[in-house]
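What follows draws every value from the coordinates through simple rules; no lab data is involved. Computed from a predicted structure; not experimentally measured. Here the Cβ is made from the backbone with ideal geometry for all residues, glycine too, and neighbour counts use every protein chain on show.
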Amino acid sequence: MARLLKGVFACAAGLCLAGRSVPAEAAFRLGKDGPRIGGFVEAGYGGKLGDDTTKHEDLSMLEQRLQLETTWYPEFAEVWKDWMAAVNFRGDFLLDEYYGGRAEFELRELNLILSPLSWMDLRMGRQVFTWGTGDYLFLNDLFPKDYISFYIGRDDEYLKKPSDGVRVSFYTDPVNLDLALIPVCEPNDFFTGQRLSFYDVFQQRIAARSVNRTVVEPARQPEHSEVAMRAYRNFGRYEFAWYAFRGHYKMPRGILNQMQRRLYFPRLDAYGMSVRGPFYEGIANAEFAYYHSREDSAGDNRLIPNSMCKYLVGYDQDLGNDLRIGVQYLLEQRLEYDSYRRALLPGDVARDEFRHLLTLRINQQYWNQTVDAGLFLFFSPSDRDAYLRPKVDYDVTDQLSFTFGANLIWGEDDSTEFGQLERNKNVYLRVRYAF
Amino acid sequence: MIGMLIVGYAQGIAGARAEMGADEIARKAYNTAYYEGDDGRATVEMTLTDRQERTRKRKFQILRYDIKDGGRQKYYVYFREPADVREMVYMVWKHVGSDDDRWLYLPALDLVRRIAASDKRSSFVGSDFTYEDISGRSVDLDSHELVSSEGGKYLLKNTPKDPDLVEFSYYLVSIDKETMMPVKAEYFDAQGEKYREINALEVKEIQGHPTIIRQRADDLAAGSHTIVEFSDIEYDVGISEDIFTERYLRRAPRRWLDY
């Protein structure tokens, strides 16, 4: 209770501060003609619905955040102007009460954009890479994600983690090409048991504080760099894209040494394509990806995931009166399934050959679109688990907004994707002042 | 050639005198409101006021490119305020005879979302204007009837050909005879009750084109209204068509947007 009060007090103090020091007119400038600086302050509180064995048993989030964002156009030489140079910055100062008031700075974007040729753009530095057609489902988007933020109710922005790299884009008549070069592989924010409990393959049960494992990150060497490519163009009103990726699994899915409880990120290649366009009274999309597990092509190594095929179809429609619905169906097929089953040892979790996942999105806006009540449901009939994300956003003014939501997770088995997170059911409240 | 032009001009005047047909009036008014010049840009400030007099502001810039007058067109809407939509882009490729293609770029997620054309009648950014008010409702979607032509104005009654797609049963538009600019629109529901009204508050000539620079929309049922003010209006700026692509959603074309 004391902690809760402290959190609420911090929220209130943060807002008062924001209200006083920031001009209500939105954004401010450095100097008279300096770059405009925007951003927000936000306080977030989230509590678990049941007791867990994580660092805090009943808390999932308690934090204050300041984000600053600006774009600066260096124009001190003609060439900078000709190349339309721009520098983007976005950074978060986070005071994380979950970890005893630990102060962190997260640089989300610091990159230089140039157009050295009329048909070419370069974006160099820290940036968020993303592409693909899924809604919260990523097949060909193998850029790092932060699922911890996702499951505790931070803003959607934080699901996507930044990487250090270069994005080269070519725009030509037959096709457009995006090339992402990431010298140092950046994995997902994976579960550690500190904030979220999950299924620990070594203990063969859901665990949190008791998790005792070592995750070996890819060494900072050229052979661990990652390359991702997307080629895209329109045929009529339909957007087609082709993808290729060479890098690593984003989660520590490989077991390096079972006795020493050491996990690592095995190599992964992926190829795929997608199409999106008008269909019936809405927008439909279809996406396919083939994951080639390079260290286990034959599928007979039980410590490394098998290759997979993933198929996604989706449909999204605005029904008028500010109501939007979306449905998706994802099918994941584990390849070389017989070899996989033969290689399993007693005690291993035997995964199905096919995993079916359905999603449903409903968003309804009220009061001149100042209130957005939405829910997003993941449901897997084959894994027998589900994850429901209800959320209400209320913009009190153009600056001040409240977000109230929940992350509700169910599962029959402890080892499935959502089932393992069952004890992390939580509700959260965020208050944001944007400027 | 000159002779033909003169004859054509004379016929035009004679036609106007003898009252143009309703379809022709509707088409001319539509072109005046949405197709002046070959392209155009403007800064737009919307003030939304609800029943309880609470106000919100939306500020954005519009770039427009005409492929064909009265026909295909492209729009690029770049948001500046409020903070939570800053740098968001709404893009439209307007077609004739088929649904428009529309995209929304969300900068915080670096996401290009495609939006269905079916909600054209829903509110644009929470204001009392609809998406269709922003980029224009094709004249072919309604049948037009000239109700009166008194007081220097044409009054047109427009009835939707497919009433299931819209929330109104008909709407009346007043068009200034001199400029052919629609200056008032009134929307009526199935019971014949007026529930929505749009008024041009100020019309100015810019580069020889009659242009609305202040406009007001009233939602009579909800008691809310929205005032739009246009500034920095410019026609024939030479906007190139290639900015209406995904490349420039992710990277706003600074050259065409005032900073």
task: Find how many whole Å separate the alpha carbon centroid of the stretch B:170-193 from the alpha carbon centroid of the stretch B:99-113.
output: 32 Å
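Between their Cα atoms, which of B:Lys59/B:Lys194; B:Lys94/B:Lys184; A:Lys161/B:Lys57; A:Lys145/B:Lys74; B:Lys68/B:Lys194 are more than 27 Å away from each other? Could the numbers behind the result be given before it?
Numbers: B:Lys59/B:Lys194 29 Å; B:Lys94/B:Lys184 23 Å; A:Lys161/B:Lys57 32 Å; A:Lys145/B:Lys74 35 Å; B:Lys68/B:Lys194 34 Å.
Table pairs above 27 Å Cα-Cα are B:Lys59/B:Lys194; A:Lys161/B:Lys57; A:Lys145/B:Lys74; B:Lys68/B:Lys194.
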task: Pull up the cross-link candidates among the aspartates and glutamates for A:Lys310, meaning alpha carbon to alpha carbon under 18 Å and not fewer than 8 places away within one chain.
output: A:Asp135, A:Asp141, A:Asp269, A:Glu287, A:Asp296, A:Glu332, A:Glu336, A:Asp352, A:Glu353, A:Asp383, A:Glu417
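Could you pull out the trypsin sites (Lys or Arg not before Pro) across the stretch A:27-121 that fall in loop regions by DSSP (anything but H, G, I, E, B) with no more than 12 other Cβ atoms inside 10 Å? Provide the component values of the computation, followed by the final result.
Details: sites: A:Arg29, A:Lys32, A:Arg36, A:Lys48, A:Lys55, A:Arg65, A:Lys81, A:Arg90, A:Arg102, A:Arg108; in loops: A:Lys32, A:Lys55.
The qualifying sites are A:Lys32.
If you put +1 on each Lys and Arg Cβ and -1 on each Asp and Glu Cβ, how big is the dipole of the stretch B:25-97 around its Cα centre, in Debye rounded to 20?
On the way: 16 positive and 11 negative charges, 32 e Å.
My answer is approximately 160 debye.
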Lys/Arg +1, Asp/Glu -1 at C-beta; the protein assembly as shown dipole; positive extreme among A:Thr397, B:Thr179, A:Gln194: A:Gln194
message: Quick check: from the Cα gyration tensor, does chain A come out rounded (a/c under 1.5), prolate or oblate?
response: rounded
statement: Whole-Å distance linking the alpha carbon centroid of the stretch B:198-259 with that of the stretch A:215-283 is 41 Å
message: With unit charges on the beta carbons (Lys and Arg positive, Asp and Glu negative) and the dipole taken about the Cα centre of chain A, which residue among A:Gly299, A:Gly134, A:Pro278 sits farthest to the positive side?
response: A:Gly299
field: Dipole magnitude of the stretch B:23-256, debye to nearest 20 (Cβ charges: Lys/Arg +1, Asp/Glu -1, about Cα centre)
entry: 760 debye
statement: Counting only DSSP loop positions in the stretch A:297-405, the chymotrypsin sites (Phe, Trp or Tyr not before Pro) whose Cβ has at most 16 other Cβ atoms within 10 Å are A:Trp367
- request: Any chance you could check the Cα centroid distance between the stretch A:70-131 and the stretch A:326-385 for me, in angstrom?
  value: 34 Å
task: Check cross-link reach from A:Lys391 to the lysines: straight Cα distance under 17 Å, and skip same-chain residues fewer than eight apart.
output: A:Lys48, A:Lys425
field: Nearest 10 degrees, 0 to 90: helix B:22-34 Cα axis against chain B principal axis
entry: 30 degrees
query: Residues in the stretch B:190-205 near a label at B:Arg121, defined as backbone nitrogen under 17 Å from the 7 Å Cα→Cβ point?
result: B:190-198
- prompt: Counting partner chain Cβ atoms within 10 Å of every residue's Cβ in A:279-288, what's the average?
  reply: 3
query: Which parts of the stretch A:46-69 would a label at A:Trp410 reach, counting a residue when its backbone N lies under 19 Å from a point 7 Å out along Cα-to-Cβ?
result: A:49-51
task: Taking the Cα centre of chain A as origin, sum charge times position over the Cβ atoms of Lys and Arg (+1) and Asp and Glu (-1), and report the length of that vector in debye to the nearest 20.
output: 740 debye
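Using Cα pairs closer than 8 Å and at least 6 residues apart in sequence, work out the relative contact order for chain A, in percent.
On the way: 1112 pairs, mean separation 55.3, N = 435.
Once divided by the residue count of chain A, the mean separation gives 13 percent.
Which is the longest stretch in chain B that no exposed loop site breaks, taking sites as GluC sites (Glu not before Pro) with a DSSP loop state and at most 14 other Cβ atoms within 10 Å? Could you put the intermediate results ahead of the total?
Numbers: sites that count: B:Glu19, B:Glu53, B:Glu150, B:Glu178, B:Glu193.
Counting at most 14 other Cβ atoms within 10 Å as exposed, the longest clean stretch of chain B is B:54-149.
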task: Measure off 7 Å from each Cα along the Cα-to-Cβ vector at A:Glu295 and B:Arg251, then give the distance between these two points in nanometres to one decimal.
output: 3.7 nm
message: I'd like to know which of A:Trp410, A:Tyr290, A:Val168 lies farthest towards the positive end of the charge dipole of the stretch A:2-434, counting +1 on Cβ of Lys and Arg and -1 on Cβ of Asp and Glu.
response: A:Trp410
